[in-house]
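S.K.: Pasting a structure below so you can have a look.
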Ligand code: FAD
């Protein structure tokens with residue numbers, strides 16, 4: 001028989017359950033990718049992330065060739081085109097089965113359901129796997145059988161549940177006896193525009209990715225809890241793993257992260273390590289997306305909170321935020337880091353998101369969309385979760401309205417002002433320390449004056465939230 005494996009955000013040969021299933025016997029296997037630029041654009045897929053996706057896929061091709069796994073490339077426009085095109089291809093190749101790994105946002109699930117129906121109509125079966133998660137959605141539930149609404153009890157239940165899903169990393173499948181067709185070339189730009197990203201910071205290929213993971217768990221994970229909140233200027237010195245772009249395109253699976261953490265760590269308490277905790281956050285946001293389909297339609301998790309906030313249509317303020325010209329050094333430096341590298345440190349994501357939604361009172365959806373269009377690790381579930389959390393409309397236990405003071409955050413997490421001076425060269429002449437975090441710092445050298453008065457903006461936000469808009 002011939003089987004098809006539809007590759008999406010699971011660009012790896014190791015620990016890829018859909019691929020392993022397709023290769024379970026001596027069947028011939030054909031890989032297929034669907035290029036859907038119109039839908040990618042509508043979803044705000046960044047050129048950086050698609051560039052990484054493209055390069056990672058390309059890096060797998062020599063090994064695919066060796067394994068006799070040819071790649072077919074379907075040039076389409078929209079998700080809706082996938083069903084007829086895959087049904088045609090399956091018929092053309094005489095395929096009996098299509099295998100893929102689930103994606104959880106609603107549009108992706110609808111696309112996949114349509115594909116399965118179209119294939120069924122032509123007598124081809126489909127099989128899907130949860131390769132993107134350690135524990136599948138719907139398997140971590142409250143005592144009443146519902147989804148958790150806040151993180152901490154979810155995390156505890158997830159740790160208890162792990163024993164039932166604790167399977168080893170799946171090795172790369174063995175070579176097929178023959179390739180049933182030739183590979184098609186992957187276009188340089190994926191039909192999606194000129195792809196450009198910092199290849200120096202984000203190398204691709206299974207070897208590079210596993211080296212990054214191994215170096216992190218061998219040398220840096222012990223210091224993670226202490227260093228994770230302090231952004232660095234040198235990417236290699238970052239306290240966090242910087243693996244998110246690879247997890248986002250599936251060059252790496254969360255199970256591989258978990259396995260590496262355990263293999264390299266003699267801490268018997270690995271289950272409670274703070275790094276694993278972040279991976280569990282990633283699982284939490286995906287489980288939420290499946291349990292609450294409205295989230296995929298950008299509905300807030302807590303509509304009663306959003307109802308109290310009156311979003312401002314302040315385009316100049318939003319544009320200043322986008323360009324990193326608010327006059328608040330830590331906010332602006334963070335935005336410059338995003339624009340230049342496609343990545344932003346987690347602490348900074350929280351600071352800039354709080355600034356946009358609380359102090360400028362711009363709708364979180366605009367910030368989330370801007371992030372998706374620029375992030376190299378853009379991930380619908382985590383981005384949505386992060387933005388809803390930051391704007392207090394998300395799955396969060398905090399009963400109060402949290403507003404970060406950007407100056408205080410800067411003083412705390414970039415105490416010498418090294419990070420801000422790296423991204424805002426006008427600040428380099430200012431003595432290292434608190435002076436570099438002052439709103440309006442460097443204005444004599446061309447930095448903007450602060451676009452808001454923090455105290456006033458904070459009070460307006462609180463009044464708005466308390467009075468109900
Ligand atoms: P590490 O600290 O090394 O963590 C390991 C992995 O755990 C990460 O690679 C990531 O996959 C996961 N993770 C870590 N923190 C979180 C978190 N808070 N929520 C969910 N997963 C997490 N993450 C994305 O992957 N894509 C996004 O589009 C995204 N948008 C965000 C938007 C906002 C407003 C906020 C506040 C957070 C967002 N995050 C997003 C979460 C987090 O900032 C990044 O995952 C993290 O900075 C990635 O860096 P790292 O790989 O060094 O993380």
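S.K.: At 222 nm, what helix-only mean residue ellipticity would the chain give, in deg cm²/dmol to the nearest 500, using -39500 (n - 2.57) for each DSSP H run of four or more?
M.R.: For the chain, the value works out to -13000 deg cm²/dmol.
S.K.: A further question on this structure: Using the basic label-point model (7 angstrom from Cα toward the beta carbon), what is the residue 180 to residue 443 distance in nanometres?
M.R.: 6.9
S.K.: Distance from the Cα centre of the stretch 397-435 to that of the stretch 238-264, in angstrom?
M.R.: 28
S.K.: Now for a separate question. What is the distance in Å between the Cα centroid of the stretch 203-232 and that of the stretch 27-92?
M.R.: The distance from the Cα centre of the stretch 203-232 to that of the stretch 27-92 comes to 29 Å.
S.K.: Across 5 Å bins from 0, what is the distribution of all Cα-Cα pair distances for the stretch 206-291, in whole percents?
M.R.: Going from the shortest bin to the longest, the percentages are 3, 13, 25, 26, 19, 10, 3, 0.
S.K.: Separate question: How far, in degrees from 0 to 90, does helix 106-121 lean away from the longest principal axis of the Cα atoms of the chain, to the nearest 10?
M.R.: 10
S.K.: Okay, next question. How large is the Kirkwood hydrodynamic radius of the chain, in angstrom, based on all distinct alpha carbon pairs?
M.R.: One decimal place: 23.6 Å for the Kirkwood radius.
S.K.: Relative contact order of the chain: what whole-number percent is it, with Cα pairs under 8 angstrom and at least 6 residues apart?
M.R.: On the way: 772 pairs, mean separation 85.4, N = 469.
Normalised by residue count, the contact order of the chain is 18 percent.
S.K.: Using alpha-carbon pairs under 8 Å, 6+ residues apart, how would you state the relative contact order of the stretch 2-132 in percent? Let's see the in-between values first.
M.R.: On the way: 194 pairs, mean separation 45.7, N = 131.
Relative contact order here is 35 percent.
S.K.: Given Cα positions, please report Rg to Rh for the stretch 80-167, the hydrodynamic radius being the Kirkwood one.
M.R.: Rg/Rh: 1.13.
S.K.: From the Cα gyration tensor of the stretch 2-132, with a ≥ b ≥ c the square roots of its eigenvalues, which class applies: rounded if a/c is under 1.5, or else prolate if a/b is larger than b/c, or else oblate? Let's see the in-between values first.
M.R.: Working: a/c = 1.57, a/b = 1.10, b/c = 1.42.
It is oblate, given that a/c is not under 1.5 and a/b is not larger than b/c.
S.K.: Something else: How do 364, 40 line up, fewest other C-beta atoms within 10 Å first?
M.R.: Exposure proxy ranking, most exposed first: 40, 364.
S.K.: Further question: Figure the gain on full extension for residue 152 and residue 456 (residue separation times 0.36 nm, minus the Cα-Cα span) and round it to one decimal in nm.
M.R.: Fully extending the segment from residue 152 to residue 456 adds 106.1 nm.
S.K.: Please arrange 169, 393 by how many other C-beta atoms lie within 10 Å of their C-beta, fewest to most.
M.R.: 169, 393
S.K.: Taking the Cα atoms only, what angle lies between the long axis of helix 151-165 and the longest principal axis of the chain, rounded to 10 degrees?
M.R.: Once rounded, the angle reads 20 degrees.
S.K.: Gain in length, residue 107 to residue 163, computed as 0.36 nm per residue apart minus the alpha-carbon separation, to one decimal in nm?
M.R.: 17.0 nm
S.K.: Once both labels are modelled 7 Å past Cα along the beta-carbon direction, what's the residue 191-residue 271 spacing in nm?
M.R.: 4.8
S.K.: Here is a follow-up. Arrange the following residues from fewest to most other Cβ atoms within 10 Å of their Cβ: 428, 160, 349.
M.R.: So the residues, fewest neighbours to most, are 160, 428, 349.
S.K.: Measure nothing fancy, just the Cα-based angle from helix 47-66's long axis to the longest principal axis of the chain, in degrees from 0 to 90, nearest 10.
M.R.: 30
S.K.: Follow-up question, since we're still on this one. From zero outward in steps of 5 Å, how is the percent of C-alpha pairs of the stretch 140-248 spread across the bins?
M.R.: Computed distribution, short to long bins: 2, 8, 10, 12, 15, 14, 14, 12, 8, 4, 1.
S.K.: Could the peptides 194-200, 403-409 be put in order, highest first, of the mean number of other beta-carbon atoms found within 10 Å of their residues?
M.R.: Averaged packing, sorted descending, gives the order 403-409, 194-200.
Just so you know, all these numbers are worked out from the coordinates, no wet-lab data involved. Everything quoted here is computed from the prediction, not taken from an experiment. Don't worry about glycine lacking a Cβ; one is built from the backbone with ideal geometry, like all the others, and counts go over all protein chains shown.
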